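The values are calculated or read from the model by the stated rules, or taken from the named source; none is laboratory data. Model, not experiment: these values are computed from the prediction. Don't worry about glycine lacking a Cβ; one is built from the backbone with ideal geometry, like all the others, and counts go over all protein chains shown. For accessibility, only protein heavy atoms count, side chains too; no ligands or nucleic acids. Shrake-Rupley method; radii C 1.70, N 1.55, O 1.52, S 1.80 Å.
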Amino acid sequence: MDKYKVTHRLLKQSIKSLVNRQLTSNNPIYRSISALTLGNGGRNPQLYRSFGSLATKVERNPSFSSLNSDDVSYFKGVLGESNVVQDEDRLETANIDWMHKYKGSSKLLLLPRNTEEVSKILKYCNSRRLAVVPQGGNTGLVGGSVPVFDEVIINAGSMNKIIAFDKVSGILVCEAGCILENLISYLDNQGFIMPLDLGAKGSCQIGGNVSTNAGGLRFVRYGSLHGNVLGLEAVLANGDVLDMLGTLRKDNTGYDLKHLFIGSEGSLGIVTKVSILTPPKLSSVNIAFLACEDYLSCQKLLSEAKRKLGEILSAFEFLDSHAMDLVLNHLEGVRNPLPSAVHNFYVLIETTGSDESYDKEKLEAFLLHSMESGLISDGALAQDINQASSFWRIREGVPEALMRAGPVYKYDLSIPVEKMYSLVEEMRLRLGQSANVVGYGHLGDGNLHLNVSAPRYDDTILAQIEPYVYEWTSKHRGSISAEHGLGLMKANEIFYSKSHETVQLMASIKKLLDPNGILNPYKVLPHSLCSYS
């Protein structure tokens, strides 16, 4: 606790130096996945699956083949014995997502080492109509990276080379299996940073990040991967390799096809290489952890931060008191930077610039003005990297704390900022004492992470959440998936955010690029549009 007292005191002192005033200060998540049985003997569990938050059963595509010994022999000839995995323990890990919510029954995990091997795998699978699921770090939240049935798993983890880095332009070219944290460390040594930062950076892979168009903690500063990815290489279902691995900032020659693969969750092709624009690492980073008494103050604080901090604002995150309580109660070693009182909302602001004294003075002036106008009631300014990390640990630790608390229903939504927290409040009214409704997320870009923590998975609770959450979001012209993707969980809910004409065009593109539908089936698009030809 002492270091927070020091931090708090130093913040007061720094503000006082500007003006003579102070800134006061079972497996819990597993959802049963089983065959739907009928009265007369039931159905084959390989043909029908029921998943937690999926409203309807999933039926296995009857046109898909089943794996046989000849298939395994072919893959061993291409990849070598050690890269064709049939070990039950390793398959158990690959078949289940990190939340233990979605579980498949694949009998084969393939570990290609280069694009040529991916091409041979897909060409063969397409000819045999063997369905496949591309897999990276398997950190997804919507069931997009694990099999639904017996799809062959293609994991890109062995494709982890950095191909090139240009220190003048800041353009990085790498293979899809590179772990995000390793890229962050590599670039740090080069004096650059990744424009993407996630809580799962220690496990997630850049190919998966691109395939899901991951957002992350600094979206407010660096924007979407649609803007930062300059090029990519992808392998289509028939094994054709699309070389779109450009490194140009400007290129207006024809359709920019790379955007089809950014965010398509491996349903159109498997991303094998990426070129990405990385900004230079700036020397001045400041982080403030603040308290607000109501959500309106959080909104106004965001508006003021955009105006007053402008070009140095790099993150604006928020969490409510329910999220804060979970972090403090379930994560070891986490302490409250503002222990003197309980607050309704907490905001983490990060600034990044090139002039330490100017940036700090600008942030302190902003904090003083915010205190004087009543937008914040308390705050702490990190004085070193350890305190900065401890502040970020609170925000990044919310998902882990929710997992430790027990079963949780997770929703990732884009909603106009002024309406965002209204959904949290309405869900609390709907659910009463039956569940703990938690709100946090990326306030700077209107991304709410709505979580419903419950003592157990309960169909009654689920019926109170869905489809209400989707209907509410659609009514307010939001998106039912801000950054996590649709995967299996929300494939049938896409119409809440996209028109029928738009979804139909998506299905046509899918049919053109993957006519046999072998790439990550049952995901992204509604099952009613995925014909079994």
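The table below lists the values:
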read-out: Which numbered condition residue 329 misses (of (1) open to solvent by 10 Å² or more (accessible area, probe 1.4 Å); (2) part of a loop (DSSP other than H, G, I, E, B)); value: (2)
read-out: Yes/no for residue 431 being crowded, with 22+ Cβ neighbours inside 10 Å, part of a helix (DSSP H, G or I) and not β-branched (Val, Ile, Thr); value: no
read-out: Residues satisfying the stated conditions in segment 226-261, i.e. touching an Asp or Glu at 6+ places or on another chain (Cβ under 8 Å) and polar (S, T, N, Q); value: 247
read-out: Check on residue 163, open to solvent by 20 Å² or more (accessible area, probe 1.4 Å), within 23 Å of the chain's Cα centre (by Cα) and either modelled with pLDDT of 95 or more or under 23 Å from residue 73 (Cβ atoms) (or both); value: no
read-out: Subset of segment 460-508 (residues that are β-branched (Val, Ile, Thr) and either part of a loop (DSSP other than H, G, I, E, B) or open to solvent by 20 Å² or more (accessible area, probe 1.4 Å) (or both)); value: 460, 480, 502
read-out: Residue 171 being modelled with pLDDT of 95 or more and either touching a helix residue (DSSP H, G or I) at 6+ places or on another chain (Cβ under 6 Å) or under 29 Å from residue 133 (Cβ atoms) (or both); value: no
read-out: Any hit, segment 346-361, residues being exposed (fewer than 14 other Cβ atoms within 10 Å of the Cβ), at pLDDT 95 or above, within 27 Å of the chain's Cα centre (by Cα) and over 30 Å from residue 230 (Cα atoms); value: no
read-out: Which listed residue is of a type in the set (D, E, K, R) and at pLDDT 50 or above, from 97, 2; value: 97
read-out: Odd one out for residue 385 among (1) at pLDDT 95 or above; (2) surrounded by fewer than 20 Cβ atoms within 10 Å (Cβ to Cβ); (3) of a type in the set (A, V, I, L, M); (4) over 30 Å from residue 497 (Cβ atoms); value: (1)
read-out: Entirely in segment 111-177, the strands (runs of 3 or more DSSP E) that have 3 or more residues that are within 23 Å of residue 61 (Cα to Cα); value: 132-135, 152-155
read-out: Qualifying positions in segment 82-116 - of a type in the set (D, E, K, R) and open to solvent by less than 20 Å² (accessible area, probe 1.4 Å); value: 97, 101
read-out: Strands (runs of 3 or more DSSP E) contained in segment 178-294 and holding at least 1 residues open to solvent by 50 Å² or more (accessible area, probe 1.4 Å); value: 241-244, 284-292
read-out: Residue that is surrounded by the fewest Cβ atoms within 10 Å (Cβ to Cβ) [pool: residues in segment 129-155 that are in contact with a Cys (Cβ under 6 Å, 6 or more places away or on another chain) and under 27 Å from residue 216 (Cα atoms)]; value: 139
read-out: Residue check for residue 340: of a type in the set (S, T, N, Q) and in a loop (DSSP other than H, G, I, E, B); value: yes
read-out: Pick from segment 371-397, criterion over 31 Å from the mean Cα position of the chain (by Cα) and assigned to a helix (DSSP H, G or I), ranking: farthest from residue 334 (Cα to Cα); value: 372
read-out: Qualifying residue in segment 426-435 (condition: modelled with pLDDT of 95 or more, closer than 22 Å to residue 292 by Cα and among the small types (Gly, Ala, Ser)); value: no
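Here is a yes/no grid of residues against (1) over 25 Å from residue 223 (Cα atoms); (2) modelled with pLDDT of 95 or more; (3) among the aromatic types (Phe, Trp, Tyr); (4) in a strand (DSSP E or B):
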{"position": "399", "(1), (2), (3), (4)": "no, no, no, no"}
{"position": "409", "(1), (2), (3), (4)": "yes, no, yes, yes"}
{"position": "422", "(1), (2), (3), (4)": "yes, yes, no, no"}
{"position": "444", "(1), (2), (3), (4)": "no, no, no, no"}
{"position": "455", "(1), (2), (3), (4)": "yes, no, no, no"}
